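Asks: Next up is a structure, given as structure tokens.
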Amino acid sequence: MAFGDILRRGFWLSLILPAGATLSFCWHQPWLFVVCAVGIFPFVDAAIGPEKRSADEPAQISQGAVIPAMFVVGWLIALTFAAAYARRAGLIDLIGFTVGSGLLSGMSMAHSHELMHRRDRASRIFAEMAFIIAGYPHYRIGHHLHHANVGNPAFGSTAMPGQSLWSHLGKSVTATMKACIRYERRRKGRVLINRVIRNAMCSAVLFMAACTWGGWRGALFCLGYFIVCLFVVESIGYLQHYGLNSAGDGPLHAIAWDMEYWLSNRMFVSNGRHTDHHINQTENYGRLKPGSATLPGGYFHMLWMALVPKLWFSLMDKRLALVRGADSSEDV
């Protein structure tokens, strides 16, 4: 692939996030990254606007695993600096390092997710290690179960129509964990080769190391960024699958809400083209095509709206009714 094509496609822009976080943490200004990520980035995303493409566009250019891998490495570097400085930080800065690290960890999950779907074993192992460090050790198992049972709230990620983000979060986390435990019990009976237990123990060891190294600050930092990362990941799952459930209604043609904002798709390596990802889960992120059901904004725009349930319902329930109506008409 030509270097000019790499520049033109723009996925390299995602590397600004871990680089910016590292600089912010090294300057002892963790809140600078937080403000840029959740405040300035959505405005820039809105100014650039949606991608100008259609579902019947020509095949896109395959992108290698280099950018997702570089993002994950950059995230680990930023996380290391944050952990080192958080050990001696005041309470306000400690919270800033924790929130900033959690936000970046949540963003890194999109890149680890891309590596997880690669065919080579090295990428999958690297991704699983990243999930453990991010505090979501059973993500790989849960995500594959989600793919196999998309639209079923019993496997997490999918919210029922009228269910708020706040109501969804705890239920999704619990449902995913239960589904993973059931699956592993059926797959392998012995505890020592149960991947849920094994990976959870690895995350627990990381937490204990943070406690030993950083005392109460290390414990707060590690547990805090785990929670923030989990919040970001589950919230994006809520945005992607809200109301598109198969329980009681039969399978829907629209299995995910796509997100077509140019900058968001660069920062999240086309994770916004979520319908095609579910249909062709091993397809390269550079070749994913847009779907028919789309969110009216980028991921962070929609996340801000989802934090206020009445605002979210007023915007999304109308779109959901149109999608359900289209599906019903196609079934007749």
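The values are calculated or read from the model by the stated rules, or taken from the named source; none is laboratory data. The structure presented is a predicted model; accordingly, all values stated were derived computationally and were not measured. Heads up, the Cβs are rebuilt from the backbone with ideal geometry, glycines too, and the neighbour counts pull from every protein chain shown. Only protein heavy atoms, including side chains, enter the accessible area calculation; ligands, DNA and RNA are left aside. Shrake-Rupley method; radii C 1.70, N 1.55, O 1.52, S 1.80 Å.
Asks: Given the residues Gly215, Gly142, which is the only one that is on the phi > 0 side of the Ramachandran plot and either modelled with pLDDT of 90 or more or aliphatic (A, V, I, L, M) (or both)?
Replies: Gly215
Asks: Taking the range 110-125, which residues are within 17 Å of Cys229 (Cβ to Cβ) and touching a residue at least 40 places away in the same chain (Cβ under 8 Å)?
Replies: Passing the criteria: Ala110, His111, Ser112, His113, Glu114, Leu115.
Asks: Exactly one of these conditions fails for Gly162: (1) surrounded by fewer than 19 Cβ atoms within 10 Å (Cβ to Cβ); (2) assigned to a helix (DSSP H, G or I); (3) modelled with pLDDT under 95; (4) over 17 Å from the mean Cα position of the chain (by Cα). Give me its number.
Replies: Going through (1) surrounded by fewer than 19 Cβ atoms within 10 Å (Cβ to Cβ); (2) assigned to a helix (DSSP H, G or I); (3) modelled with pLDDT under 95; (4) over 17 Å from the mean Cα position of the chain (by Cα) one by one, Gly162 breaks only (2).
Asks: What residue, among those in the range 241-253 that are touching a Leu at 6+ places or on another chain (Cβ under 9 Å) and open to solvent by less than 10 Å² (accessible area, probe 1.4 Å), is modelled with the highest pLDDT?
Replies: Tyr242
Asks: Examine the range 264-273 for a residue that is over 13 Å from the mean Cα position of the chain (by Cα) and open to solvent by 10 Å² or more (accessible area, probe 1.4 Å), and state whether such a residue exists.
Replies: no
Asks: Condition first: within 18 Å of the chain's Cα centre (by Cα) and either of a type in the set (Asp, Glu) or assigned to a helix (DSSP H, G or I) (or both). Now tell me which residues in the range 149-159 satisfy that.
Replies: Pro153, Phe155 - these are the residues of the range 149-159 that are within 18 Å of the chain's Cα centre (by Cα) and either of a type in the set (Asp, Glu) or assigned to a helix (DSSP H, G or I) (or both).
Asks: Among residues belonging to the range 77-95 that are in contact (Cβ under 8 Å) with a residue 12 or more places away in the chain and outside any helix (DSSP H, G or I), point out the one that is surrounded by the most Cβ atoms within 10 Å (Cβ to Cβ).
Replies: Of everything passing the filter in the range 77-95, Ala89 is surrounded by the most Cβ atoms within 10 Å (Cβ to Cβ).
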